[in-house]
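Some notes on the structure that comes next.
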Amino acid sequence: REEEEADRIISLPGQPKVTFQQFSGYVTVNHVAGRSLFYWLTEAVSNPLSKPLVIWLNGGPGCSSVAYGASEEIGPFKINKTSSGLYMNKLSWNLDANLLFLETPAGVGFSYSNTSSDLYDTGDRRTARDSLAFLVHWMNRFPRYKHREIYITGESYAGHYVPQLAREILSYNANSKHPLNLKGIMVGNAVTDNYYDNLGTVTYWWSHAMISDKTFHQLVNTCDFHRAKNSDECETLYSYAMDKEFGNIDQYNIYAPPCN
Amino acid sequence: CTEKYAEKYYNRPDVQKALHANTTKIPYKWTACSETLNRNWNDSEASILPVYRQLMAAGIRIWVFSGDVDSVVPVTATRYSLAQLKLKVKIPWYPWYVKKQVGGWTEVYEGLTFATVRGAGHEVPLFKPRVALELFRAFLRDKPLSKS
(Lines give C-alpha, C1' and ligand atoms only; values in the text may rest on other atoms or scores of the structure.)
Protein backbone atom coordinates (compact mmCIF):
# COMPACT_ATOMS: atom_id res chain seq x y z
CA ARG A 1 0.00 0.00 0.00
CA GLU A 2 2.78 2.40 0.96
CA GLU A 3 4.67 1.72 -2.29
CA GLU A 4 1.54 2.46 -4.29
CA GLU A 5 0.86 5.60 -2.32
CA ALA A 6 4.48 6.73 -2.74
CA ASP A 7 3.95 6.48 -6.51
CA ARG A 8 0.70 8.44 -6.54
CA ILE A 9 0.86 11.56 -8.72
CA ILE A 10 -0.93 14.41 -6.99
CA SER A 11 -0.75 16.61 -10.09
CA LEU A 12 1.77 17.35 -12.82
CA PRO A 13 3.00 20.93 -13.38
CA GLY A 14 0.50 22.76 -15.57
CA GLN A 15 -1.92 19.83 -15.56
CA PRO A 16 -5.66 20.40 -15.85
CA LYS A 17 -7.74 19.00 -12.99
CA VAL A 18 -8.70 15.35 -13.56
CA THR A 19 -10.81 12.79 -11.77
CA PHE A 20 -8.83 9.67 -12.69
CA GLN A 21 -5.90 8.43 -10.60
CA GLN A 22 -2.35 8.30 -11.86
CA PHE A 23 0.85 6.76 -10.50
CA SER A 24 4.46 6.69 -11.66
CA GLY A 25 7.80 5.50 -10.41
CA TYR A 26 10.37 2.73 -10.65
CA VAL A 27 10.38 -1.04 -10.47
CA THR A 28 13.75 -2.78 -10.12
CA VAL A 29 14.04 -5.56 -12.68
CA ASN A 30 17.62 -6.66 -12.01
CA HIS A 31 19.18 -6.13 -8.59
CA VAL A 32 22.67 -7.30 -9.56
CA ALA A 33 23.06 -4.88 -12.48
CA GLY A 34 20.86 -2.27 -10.81
CA ARG A 35 18.40 -1.95 -13.68
CA SER A 36 15.11 -0.15 -12.95
CA LEU A 37 12.30 0.61 -15.35
CA PHE A 38 10.10 3.70 -15.12
CA TYR A 39 6.34 3.48 -15.59
CA TRP A 40 3.40 5.88 -15.69
CA LEU A 41 -0.10 4.56 -15.01
CA THR A 42 -3.09 6.69 -15.95
CA GLU A 43 -6.23 4.90 -14.79
CA ALA A 44 -9.49 4.85 -16.71
CA VAL A 45 -11.71 7.92 -16.54
CA SER A 46 -14.65 5.87 -15.24
CA ASN A 47 -14.94 2.54 -13.40
CA PRO A 48 -11.20 1.79 -13.47
CA LEU A 49 -11.74 -1.39 -11.45
CA SER A 50 -13.78 -2.92 -14.26
CA LYS A 51 -11.59 -1.78 -17.14
CA PRO A 52 -8.68 -3.74 -18.64
CA LEU A 53 -5.00 -2.93 -18.20
CA VAL A 54 -3.41 -1.82 -21.50
CA ILE A 55 0.38 -1.65 -21.68
CA TRP A 56 1.74 0.66 -24.41
CA LEU A 57 5.27 0.33 -25.78
CA ASN A 58 6.96 2.56 -28.36
CA GLY A 59 9.74 1.55 -30.68
CA GLY A 60 13.15 2.67 -31.87
CA PRO A 61 14.81 0.54 -30.66
CA GLY A 62 15.67 2.88 -27.80
CA CYS A 63 12.64 5.15 -28.18
CA SER A 64 10.02 3.54 -25.96
CA SER A 65 9.79 6.68 -23.85
CA VAL A 66 6.78 8.64 -22.60
CA ALA A 67 7.43 11.22 -25.33
CA TYR A 68 5.38 9.32 -27.89
CA GLY A 69 2.48 7.08 -26.84
CA ALA A 70 1.87 8.85 -23.56
CA SER A 71 2.41 12.46 -24.63
CA GLU A 72 1.32 12.71 -28.26
CA GLU A 73 -0.80 9.69 -29.11
CA ILE A 74 -3.06 7.84 -26.64
CA GLY A 75 -2.34 9.36 -23.22
CA PRO A 76 -4.79 11.70 -21.43
CA PHE A 77 -2.50 14.75 -21.67
CA LYS A 78 -0.65 16.57 -24.44
CA ILE A 79 2.19 18.99 -23.84
CA ASN A 80 1.62 22.59 -24.93
CA LYS A 81 3.92 24.43 -27.32
CA THR A 82 5.87 26.22 -24.62
CA SER A 83 6.18 23.06 -22.47
CA SER A 84 4.76 25.14 -19.65
CA GLY A 85 1.88 22.77 -19.13
CA LEU A 86 -0.51 20.13 -20.38
CA TYR A 87 -3.89 20.10 -22.06
CA MET A 88 -6.43 17.30 -22.27
CA ASN A 89 -6.45 14.73 -25.07
CA LYS A 90 -10.22 14.31 -25.55
CA LEU A 91 -9.71 11.05 -27.46
CA SER A 92 -7.40 9.39 -24.99
CA TRP A 93 -7.53 5.62 -24.73
CA ASN A 94 -8.01 5.97 -20.95
CA LEU A 95 -11.64 6.56 -21.80
CA ASP A 96 -11.82 2.77 -22.12
CA ALA A 97 -8.85 1.33 -20.25
CA ASN A 98 -6.18 1.76 -17.59
CA LEU A 99 -3.05 2.78 -19.52
CA LEU A 100 0.38 1.65 -18.38
CA PHE A 101 3.27 3.37 -20.20
CA LEU A 102 6.59 1.61 -19.76
CA GLU A 103 9.99 3.10 -20.60
CA THR A 104 11.95 0.04 -21.63
CA PRO A 105 14.69 -1.15 -21.77
CA ALA A 106 16.94 0.48 -19.14
CA GLY A 107 18.62 3.45 -20.77
CA VAL A 108 15.39 4.72 -22.32
CA GLY A 109 13.90 7.87 -20.85
CA PHE A 110 13.92 7.75 -17.06
CA SER A 111 14.68 4.02 -16.94
CA TYR A 112 18.26 3.43 -15.92
CA SER A 113 20.96 0.90 -15.16
CA ASN A 114 23.73 1.22 -12.60
CA THR A 115 25.84 -0.89 -14.97
CA SER A 116 26.72 1.57 -17.72
CA SER A 117 27.80 -1.20 -20.10
CA ASP A 118 24.15 -2.28 -20.22
CA LEU A 119 23.50 0.56 -22.65
CA TYR A 120 25.94 -1.03 -25.12
CA ASP A 121 24.72 -4.62 -25.15
CA THR A 122 20.95 -4.58 -24.70
CA GLY A 123 18.69 -6.13 -27.32
CA ASP A 124 15.37 -7.88 -27.86
CA ARG A 125 16.07 -10.66 -25.37
CA ARG A 126 16.97 -8.53 -22.33
CA THR A 127 14.17 -6.09 -23.13
CA ALA A 128 11.55 -8.86 -23.11
CA ARG A 129 12.93 -10.44 -19.94
CA ASP A 130 13.18 -7.15 -18.04
CA SER A 131 9.72 -6.05 -19.18
CA LEU A 132 8.27 -9.32 -17.85
CA ALA A 133 10.14 -8.89 -14.56
CA PHE A 134 8.74 -5.37 -14.39
CA LEU A 135 5.16 -6.58 -14.88
CA VAL A 136 5.39 -9.36 -12.29
CA HIS A 137 6.85 -7.04 -9.62
CA TRP A 138 4.51 -4.18 -10.60
CA MET A 139 1.52 -6.44 -9.98
CA ASN A 140 2.73 -6.90 -6.39
CA ARG A 141 2.63 -3.14 -5.95
CA PHE A 142 -0.83 -2.91 -7.55
CA PRO A 143 -2.49 -6.21 -6.55
CA ARG A 144 -5.90 -4.99 -7.78
CA TYR A 145 -4.60 -5.63 -11.30
CA LYS A 146 -3.46 -9.20 -10.62
CA HIS A 147 -6.38 -10.91 -12.37
CA ARG A 148 -7.34 -8.06 -14.68
CA GLU A 149 -7.49 -8.57 -18.45
CA ILE A 150 -4.17 -7.43 -19.92
CA TYR A 151 -3.57 -6.18 -23.45
CA ILE A 152 -0.16 -5.18 -24.82
CA THR A 153 -0.11 -2.55 -27.57
CA GLY A 154 2.48 -0.48 -29.37
CA GLU A 155 3.93 0.66 -32.67
CA SER A 156 7.06 0.58 -34.86
CA TYR A 157 9.92 -1.39 -33.31
CA ALA A 158 7.47 -2.34 -30.57
CA GLY A 159 6.39 -4.76 -33.31
CA HIS A 160 9.21 -6.74 -31.68
CA TYR A 161 8.74 -5.75 -28.02
CA VAL A 162 4.99 -6.46 -27.88
CA PRO A 163 4.89 -10.04 -29.25
CA GLN A 164 8.14 -10.91 -27.47
CA LEU A 165 6.76 -9.73 -24.11
CA ALA A 166 3.58 -11.71 -24.82
CA ARG A 167 5.71 -14.80 -25.47
CA GLU A 168 7.58 -14.24 -22.18
CA ILE A 169 4.24 -14.01 -20.37
CA LEU A 170 3.08 -17.31 -21.91
CA SER A 171 6.26 -18.99 -20.66
CA TYR A 172 5.85 -17.40 -17.22
CA ASN A 173 2.21 -18.49 -17.02
CA ALA A 174 3.14 -22.09 -17.87
CA ASN A 175 5.11 -22.29 -14.61
CA SER A 176 3.25 -19.90 -12.34
CA LYS A 177 0.54 -20.35 -9.74
CA HIS A 178 -0.52 -16.78 -10.48
CA PRO A 179 -0.68 -16.54 -14.27
CA LEU A 180 -1.05 -13.11 -15.87
CA ASN A 181 -4.38 -12.73 -17.66
CA LEU A 182 -3.02 -11.80 -21.09
CA LYS A 183 -5.86 -11.54 -23.63
CA GLY A 184 -4.36 -9.90 -26.70
CA ILE A 185 -1.84 -7.75 -28.50
CA MET A 186 -2.25 -4.95 -31.03
CA VAL A 187 0.60 -3.36 -33.01
CA GLY A 188 0.73 -0.54 -35.55
CA ASN A 189 3.20 0.14 -38.40
CA ALA A 190 5.09 -2.67 -36.76
CA VAL A 191 8.55 -3.98 -37.58
CA THR A 192 7.71 -7.60 -38.36
CA ASP A 193 10.01 -9.41 -40.78
CA ASN A 194 13.33 -8.05 -42.09
CA TYR A 195 13.04 -9.38 -45.61
CA TYR A 196 9.35 -8.69 -46.30
CA ASP A 197 9.38 -5.36 -44.44
CA ASN A 198 12.29 -4.15 -46.55
CA LEU A 199 10.78 -5.42 -49.81
CA GLY A 200 7.43 -3.87 -48.91
CA THR A 201 9.02 -0.58 -47.96
CA VAL A 202 10.81 0.05 -51.25
CA THR A 203 7.68 -1.14 -53.07
CA TYR A 204 5.64 1.46 -51.16
CA TRP A 205 8.16 4.17 -52.02
CA TRP A 206 7.88 3.26 -55.70
CA SER A 207 4.09 2.79 -55.77
CA HIS A 208 3.66 6.16 -54.05
CA ALA A 209 5.91 7.84 -56.61
CA MET A 210 8.48 8.81 -54.01
CA ILE A 211 11.42 7.25 -55.91
CA SER A 212 12.28 6.81 -59.60
CA ASP A 213 11.94 3.53 -61.53
CA LYS A 214 15.72 3.48 -61.81
CA THR A 215 16.28 3.74 -58.06
CA PHE A 216 13.58 1.17 -57.34
CA HIS A 217 15.17 -1.40 -59.67
CA GLN A 218 18.64 -0.66 -58.33
CA LEU A 219 17.43 -1.15 -54.74
CA VAL A 220 15.69 -4.43 -55.58
CA ASN A 221 18.66 -5.74 -57.56
CA THR A 222 21.47 -4.54 -55.25
CA CYS A 223 20.15 -4.98 -51.72
CA ASP A 224 19.89 -8.31 -49.92
CA PHE A 225 16.76 -7.66 -47.90
CA HIS A 226 17.39 -10.71 -45.74
CA ARG A 227 20.35 -9.02 -44.08
CA ALA A 228 19.85 -6.89 -40.97
CA LYS A 229 22.84 -4.78 -42.03
CA ASN A 230 22.95 -3.37 -45.57
CA SER A 231 26.01 -3.59 -47.82
CA ASP A 232 27.76 -0.27 -48.57
CA GLU A 233 26.36 -0.24 -52.12
CA CYS A 234 22.88 -0.80 -50.77
CA GLU A 235 23.34 1.83 -48.08
CA THR A 236 24.44 4.32 -50.76
CA LEU A 237 21.28 3.64 -52.75
CA TYR A 238 19.05 4.11 -49.69
CA SER A 239 20.76 7.39 -48.91
CA TYR A 240 20.33 8.57 -52.51
CA ALA A 241 16.65 7.62 -52.47
CA MET A 242 15.98 9.43 -49.19
CA ASP A 243 18.19 12.47 -49.72
CA LYS A 244 17.76 13.12 -53.43
CA GLU A 245 14.41 11.61 -54.44
CA PHE A 246 12.15 11.76 -51.38
CA GLY A 247 12.94 15.42 -51.10
CA ASN A 248 11.71 17.70 -48.37
CA ILE A 249 9.06 15.52 -46.68
CA ASP A 250 8.39 13.88 -43.34
CA GLN A 251 9.03 10.16 -43.93
CA TYR A 252 6.67 9.35 -41.05
CA ASN A 253 3.87 11.23 -42.76
CA ILE A 254 4.74 11.55 -46.42
CA TYR A 255 2.37 14.40 -47.37
CA ALA A 256 3.70 16.70 -44.65
CA PRO A 257 6.86 18.83 -44.49
CA PRO A 258 9.60 17.64 -42.14
CA CYS A 259 9.94 18.98 -38.63
CA ASN A 260 12.79 21.47 -39.05
CA CYS B 1 7.53 18.78 -33.74
CA THR B 2 5.65 17.87 -30.60
CA GLU B 3 8.58 15.64 -29.58
CA LYS B 4 10.49 18.87 -28.78
CA TYR B 5 7.85 19.85 -26.24
CA ALA B 6 8.51 16.57 -24.44
CA GLU B 7 12.27 17.14 -24.47
CA LYS B 8 11.67 20.36 -22.52
CA TYR B 9 8.80 19.27 -20.27
CA TYR B 10 10.31 16.02 -18.97
CA ASN B 11 13.65 17.67 -18.18
CA ARG B 12 12.00 20.17 -15.82
CA PRO B 13 12.96 19.38 -12.19
CA ASP B 14 9.42 20.11 -10.96
CA VAL B 15 7.98 17.64 -13.51
CA GLN B 16 10.51 14.96 -12.56
CA LYS B 17 9.66 15.47 -8.90
CA ALA B 18 5.93 15.16 -9.56
CA LEU B 19 6.58 11.97 -11.56
CA HIS B 20 8.95 10.52 -8.90
CA ALA B 21 11.39 10.26 -11.83
CA ASN B 22 15.16 10.60 -12.06
CA THR B 23 15.47 9.90 -8.34
CA THR B 24 19.02 8.57 -8.80
CA LYS B 25 20.20 11.62 -10.82
CA ILE B 26 20.80 9.79 -14.10
CA PRO B 27 24.05 11.20 -15.58
CA TYR B 28 22.40 12.31 -18.86
CA LYS B 29 19.35 14.30 -19.87
CA TRP B 30 16.01 12.65 -20.45
CA THR B 31 15.52 12.17 -24.20
CA ALA B 32 12.69 10.78 -26.29
CA CYS B 33 15.12 8.33 -27.90
CA SER B 34 18.39 6.87 -26.60
CA GLU B 35 20.92 7.18 -29.44
CA THR B 36 23.32 4.99 -27.42
CA LEU B 37 20.87 2.11 -27.21
CA ASN B 38 19.75 2.56 -30.81
CA ARG B 39 23.30 2.42 -32.21
CA ASN B 40 24.36 -0.50 -30.01
CA TRP B 41 21.30 -2.73 -30.23
CA ASN B 42 22.67 -6.13 -29.49
CA ASP B 43 20.20 -8.71 -30.77
CA SER B 44 17.13 -8.45 -32.96
CA GLU B 45 14.94 -11.28 -34.21
CA ALA B 46 14.97 -11.37 -38.03
CA SER B 47 11.28 -12.23 -38.05
CA ILE B 48 8.45 -11.97 -35.54
CA LEU B 49 6.17 -14.20 -37.63
CA PRO B 50 7.09 -17.38 -35.67
CA VAL B 51 6.13 -15.51 -32.47
CA TYR B 52 2.75 -14.61 -33.99
CA ARG B 53 2.19 -18.31 -34.72
CA GLN B 54 3.03 -19.24 -31.09
CA LEU B 55 0.67 -16.55 -29.75
CA MET B 56 -2.16 -17.62 -32.08
CA ALA B 57 -1.72 -21.23 -30.98
CA ALA B 58 -2.12 -20.03 -27.38
CA GLY B 59 -5.34 -18.19 -28.28
CA ILE B 60 -3.93 -14.68 -27.84
CA ARG B 61 -5.88 -12.07 -29.82
CA ILE B 62 -3.72 -10.35 -32.45
CA TRP B 63 -4.62 -7.13 -34.23
CA VAL B 64 -2.24 -5.37 -36.60
CA PHE B 65 -2.91 -1.90 -38.00
CA SER B 66 -1.07 0.38 -40.41
CA GLY B 67 -1.25 4.11 -41.07
CA ASP B 68 -1.15 4.34 -44.87
CA VAL B 69 0.91 7.54 -45.26
CA ASP B 70 3.88 6.28 -43.27
CA SER B 71 6.93 5.39 -45.40
CA VAL B 72 9.15 4.13 -42.58
CA VAL B 73 7.24 0.88 -41.86
CA PRO B 74 4.62 1.25 -44.57
CA VAL B 75 1.42 -0.66 -45.19
CA THR B 76 2.98 -2.74 -48.01
CA ALA B 77 5.75 -3.88 -45.66
CA THR B 78 3.18 -5.16 -43.17
CA ARG B 79 1.09 -6.78 -45.90
CA TYR B 80 4.03 -8.62 -47.43
CA SER B 81 5.02 -9.85 -43.97
CA LEU B 82 1.54 -10.94 -42.83
CA ALA B 83 1.00 -12.70 -46.16
CA GLN B 84 3.75 -15.15 -45.15
CA LEU B 85 1.49 -16.44 -42.36
CA LYS B 86 -0.88 -17.74 -45.07
CA LEU B 87 -3.90 -17.33 -42.78
CA LYS B 88 -7.41 -18.40 -43.75
CA VAL B 89 -9.70 -15.45 -44.48
CA LYS B 90 -12.74 -15.22 -42.20
CA ILE B 91 -14.15 -11.87 -43.38
CA PRO B 92 -12.88 -10.69 -46.77
CA TRP B 93 -11.39 -7.28 -47.45
CA TYR B 94 -13.79 -4.35 -46.85
CA PRO B 95 -13.68 -0.63 -46.07
CA TRP B 96 -14.41 0.19 -42.43
CA TYR B 97 -16.17 3.37 -41.34
CA VAL B 98 -16.01 5.94 -38.55
CA LYS B 99 -18.71 8.65 -38.54
CA LYS B 100 -19.67 7.96 -42.18
CA GLN B 101 -16.04 8.36 -43.33
CA VAL B 102 -13.81 5.56 -44.57
CA GLY B 103 -11.47 4.81 -41.67
CA GLY B 104 -9.42 2.40 -43.78
CA TRP B 105 -9.66 -1.16 -45.06
CA THR B 106 -9.61 -4.36 -43.08
CA GLU B 107 -9.58 -8.11 -43.43
CA VAL B 108 -10.25 -10.63 -40.66
CA TYR B 109 -8.24 -13.84 -40.71
CA GLU B 110 -8.34 -16.91 -38.51
CA GLY B 111 -6.31 -15.66 -35.53
CA LEU B 112 -5.47 -12.15 -36.71
CA THR B 113 -7.24 -8.92 -37.74
CA PHE B 114 -5.47 -6.49 -40.07
CA ALA B 115 -6.63 -2.90 -40.62
CA THR B 116 -5.27 0.12 -42.41
CA VAL B 117 -5.92 3.64 -41.18
CA ARG B 118 -6.50 6.07 -44.03
CA GLY B 119 -4.34 9.18 -43.97
CA ALA B 120 -2.44 8.31 -40.80
CA GLY B 121 1.33 8.44 -40.49
CA HIS B 122 3.63 6.31 -38.38
CA GLU B 123 2.03 7.36 -35.09
CA VAL B 124 -1.54 6.54 -35.99
CA PRO B 125 -3.26 7.93 -32.83
CA LEU B 126 -1.38 11.22 -33.31
CA PHE B 127 -2.63 11.74 -36.86
CA LYS B 128 -6.09 10.08 -36.68
CA PRO B 129 -7.06 10.10 -32.97
CA ARG B 130 -10.79 9.40 -33.40
CA VAL B 131 -10.26 6.60 -35.90
CA ALA B 132 -7.55 5.13 -33.68
CA LEU B 133 -9.87 5.20 -30.66
CA GLU B 134 -12.58 3.32 -32.62
CA LEU B 135 -9.97 0.80 -33.72
CA PHE B 136 -8.88 0.36 -30.08
CA ARG B 137 -12.47 -0.11 -28.92
CA ALA B 138 -13.12 -2.75 -31.59
CA PHE B 139 -9.91 -4.51 -30.55
CA LEU B 140 -10.96 -4.58 -26.87
CA ARG B 141 -14.42 -5.87 -27.84
CA ASP B 142 -12.84 -8.25 -30.37
CA LYS B 143 -15.51 -7.24 -32.86
CA PRO B 144 -14.93 -6.65 -36.61
CA LEU B 145 -14.63 -2.97 -37.56
CA SER B 146 -17.82 -1.24 -38.60
CA LYS B 147 -18.95 -1.56 -42.24
CA SER B 148 -20.94 1.68 -42.19
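Based on this model, can you work out whether residue A:36 counts as closer than 23 Å to residue B:41 by Cβ, assigned to a strand (DSSP E or B) and at the interface with chain B (Cβ under 9 Å from one of its Cβ atoms)?
Numbers: closer than 23 Å to residue B:41 by Cβ: yes; assigned to a strand (DSSP E or B): yes; at the interface with chain B (Cβ under 9 Å from one of its Cβ atoms): yes.
Spelling it out, residue A:36 is indeed closer than 23 Å to residue B:41 by Cβ, assigned to a strand (DSSP E or B) and at the interface with chain B (Cβ under 9 Å from one of its Cβ atoms).
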Going by what's in this entry, would residue B:91 be described as surrounded by 21 or more Cβ atoms within 10 Å (Cβ to Cβ) and not in a loop (DSSP other than H, G, I, E, B)? no
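Got a sec? Which of A:57, A:12, A:49 is modelled with pLDDT of 95 or more and buried (at least 24 other Cβ atoms within 10 Å of the Cβ)? Give the steps one after another, and end with the answer.
Working: A:12 fails: buried (at least 24 other Cβ atoms within 10 Å of the Cβ); A:49 fails: buried (at least 24 other Cβ atoms within 10 Å of the Cβ).
Matching residue, one of A:57, A:12, A:49: A:57.
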If a residue must be free of Cβ contacts under 8 Å to residues at least 24 places away in the same chain and more than 11 Å from chain A (Cβ to nearest Cβ), how many such residues does segment B:111-148 contain? 1
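Would you mind finding the one in A:219, A:180, A:237 that is in a loop (DSSP other than H, G, I, E, B), more than 7 Å from chain B (Cβ to nearest Cβ), touching a Leu at 6+ places or on another chain (Cβ under 8 Å) and of a type in the set (A, V, I, L, M)? Working first, answer last.
Working: A:219 fails: in a loop (DSSP other than H, G, I, E, B); A:237 fails: in a loop (DSSP other than H, G, I, E, B).
Answer to the selection: A:180.
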Of all residues in segment A:226-235 being modelled with pLDDT of 95 or more and out of contact with any Ser or Thr (no Cβ under 9 Å at 6 or more places or on another chain), which is surrounded by the most Cβ atoms within 10 Å (Cβ to Cβ)? A:235
Name the single residue, out of those in segment A:183-216 being charged (D, E, K, R) and within 7 Å of chain B (Cβ to nearest Cβ), that is surrounded by the fewest Cβ atoms within 10 Å (Cβ to Cβ). A:183
Search segment A:46-75 for residues that are more than 7 Å from every other protein chain (Cβ to nearest Cβ) and within 23 Å of residue A:120 (Cβ to Cβ) and pair each with any residue that is part of a helix (DSSP H, G or I) and of a type in the set (Val, Ile, Thr) when their beta-carbon atoms are under 9 Å apart and the residues are at least 6 apart or on different chains. A:57/A:162; A:64/A:127
Selection count, segment A:143-161, where residues are touching a residue at least 24 places away in the same chain (Cβ under 8 Å), more than 8 Å from the chain's Cα centre (by Cα) and in a helix (DSSP H, G or I): 4
Segment B:1-57, residues that are more than 7 Å from every other protein chain (Cβ to nearest Cβ), of a type in the set (S, T, N, Q) and in a helix (DSSP H, G or I): B:16
Determine which single condition residue A:107 fails, assuming it passes every other condition in (1) among the small types (Gly, Ala, Ser); (2) in a loop (DSSP other than H, G, I, E, B); (3) more than 8 Å from chain B (Cβ to nearest Cβ); (4) crowded, with 19+ Cβ neighbours inside 10 Å. (3)
The conditions are (1) in a loop (DSSP other than H, G, I, E, B); (2) touching a residue at least 60 places away in the same chain (Cβ under 8 Å); (3) within 12 Å of another protein chain (Cβ to nearest Cβ), and residue A:127 fails exactly one of them. Which is it? (1)
Checking the structure you have, find out if any residue of segment A:77-84 is part of a strand (DSSP E or B), under 27 Å from residue B:133 (Cα atoms) and within 9 Å of chain B (Cβ to nearest Cβ). yes
From the residues in segment B:61-79 that are closer than 12 Å to residue A:190 by Cα and of a type in the set (Val, Ile, Thr), which one is surrounded by the most Cβ atoms within 10 Å (Cβ to Cβ)? B:78
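Matching residues to (1) under 30 Å from residue A:118 (Cα atoms); (2) in contact with a helix residue (DSSP H, G or I) (Cβ under 9 Å, 6 or more places away or on another chain); (3) among the hydrophobic types (A, V, I, L, M, F, W, C):
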| position | (1), (2), (3) |
| --- | --- |
| B:45 | yes, yes, no |
| B:55 | yes, yes, yes |
| B:61 | no, yes, no |
| B:69 | no, yes, yes |
| B:72 | yes, yes, yes |
| B:120 | no, yes, yes |
| B:125 | no, yes, no |
| B:133 | no, yes, yes |
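May I ask you to verify whether residue A:184 is touching a residue at least 24 places away in the same chain (Cβ under 8 Å) and farther than 25 Å from residue A:230 by Cα? Before you say what the answer is, go through the steps one by one.
Working: touching a residue at least 24 places away in the same chain (Cβ under 8 Å): yes; farther than 25 Å from residue A:230 by Cα: yes.
So residue A:184 passes the test.
The values are calculated or read from the model by the stated rules, or taken from the named source; none is laboratory data. Keep in mind the model is a prediction, meaning the values are calculated, not measured. Using ideal geometry, Cβ is built from the backbone for each residue, glycine included, and neighbour counts are taken over all protein chains shown.
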